[in-house]
1. Using just the helices of the chain, give the 222 nm mean residue ellipticity in deg cm²/dmol: DSSP H runs with n ≥ 4 each add -39,500 (n - 2.57), and the total is spread over all residues, rounded to 500.
2. What number do you get for the stretch 50-127 when its Cα radius of gyration is normalised by 2.2 N^0.38 Å, N = residues?
3. Assuming R0 = 51 Å, can you tell me the calculated FRET efficiency for the pair Q254 and N23, based on Cβ-Cβ distance, to the nearest 0.05?
4. Can you give me the P(r) profile for the chain? Cα pairs, bins 10 angstrom wide beginning at 0, each as a whole percent.
5. Would you list H4, H226, H65 from the most to the least accessible area, probe 1.4 Å?
6. Could you name the lysines whose alpha carbon sits less than 24 Å from that of K255, not counting residues in the same chain fewer than 8 places away?
7. If we count trypsin sites (Lys or Arg not before Pro) as exposed when they sit in a DSSP loop and have at most 12 other beta carbons within 10 Å, what is the longest stretch of the chain that avoids them all?
8. In whole Hz, what ³J(HN,Hα) sequence does the stretch 108-122 give by Karplus (6.51, -1.76, 1.60; θ = phi - 60°), x for Gly and Pro?
Amino acid sequence: MAYHLMAFKCDGGIPLFTKTKGNIDPISLSLTASLNGVHLFCSSNDAQLLSTTTNEFRIFWKSYHSSVTLILVTCNGDYRDWLMSQLLDLIFSVLVFTYGLDDIISMKNVDQAKKEIKACFPILDSILQSNDSSCMSILTLTTQTFSASENVILQNHLDGFSEAAQSQYGCLFINAAAAVATKRWWELSAVELVILEHTVIWSDVSQGTCSELAIYLPQTSPSVPHRLIVFTLMPDVKVAVICGTSPSLDSITQKIFGN
């Protein structure tokens, strides 16, 4: 999907970031400021500006917790308004996923926030640059799954893997799709599952190694951080587990793989 994505602080209209991808006509800095300005004007007059259509673009606005305003500009005629509204909700959830809801609401140091929010860019790119099949999965908030005849065996191995990591949340991904997962993983919200899927897909971890990322679950735990640990077992095969502050990554890898 070709798009311009902009984020502004509601208080004062300070820009947080701007992203542009795909084959879409550029927009000037003055137009970017005007798009936020007209939204601020409507808000100050108790009016809600949601979307509009021009000869070239469709423009969508949405504010969250009186803290952040997101503006999404797409090519005219791409998707329906309610789908774009849902996509904006997903984008904000990605911000919460990487930055935490409390920090987004307070955001006292805007310059520091701009730097820290950049951590979400690879996940946003993975979501917004999806192909047609995965794009529909995103817009409908469904998880791509992989079915195999060995799923029962894989489930048993995953349960053991998750138990060794002292985690109730584990998922095995094959070819960027969820093959099997623990019961608690599937109990996460649809938004969280989509974001986790794209985070695991994005994680560039070579075979036989692992990565660790601090995350906030946007609906289950938006203010308390967890750790997402991704193990790459072989090309296109990854295991993801969600842990608290313990056990340490070293102890998990030693317990699962030995020395």
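The values are calculated or read from the model by the stated rules, or taken from the named source; none is laboratory data. Just so we're clear, the structure is a prediction, and the values are computed from it rather than from any experiment. When we count neighbours, we look across all protein chains shown, and the Cβ atoms used for this are built from the backbone with ideal geometry, even at glycine. All accessible areas refer to the heavy atoms of the entire protein, side chains included, with ligands and DNA or RNA removed. Shrake-Rupley method; radii C 1.70, N 1.55, O 1.52, S 1.80 Å.
1. Helix-only estimate at 222 nm: -12000 deg cm²/dmol.
2. Cα-based Rg divided by the globular estimate yields 1.18.
3. After rounding to 0.05, the efficiency reads 0.55.
4. 6, 29, 32, 20, 10, 3, 0
5. Accessible-area ranking of H4, H226, H65, largest first: H65, H226, H4.
6. Cross-link targets: K183, K238.
7. The longest uninterrupted stretch comes out as 109-259.
8. Coupling constants for the stretch 108-122: 6, 9, 5, 4, 5, 4, 4, 5, 6, 5, 4, 4, 7, 4, x Hz.
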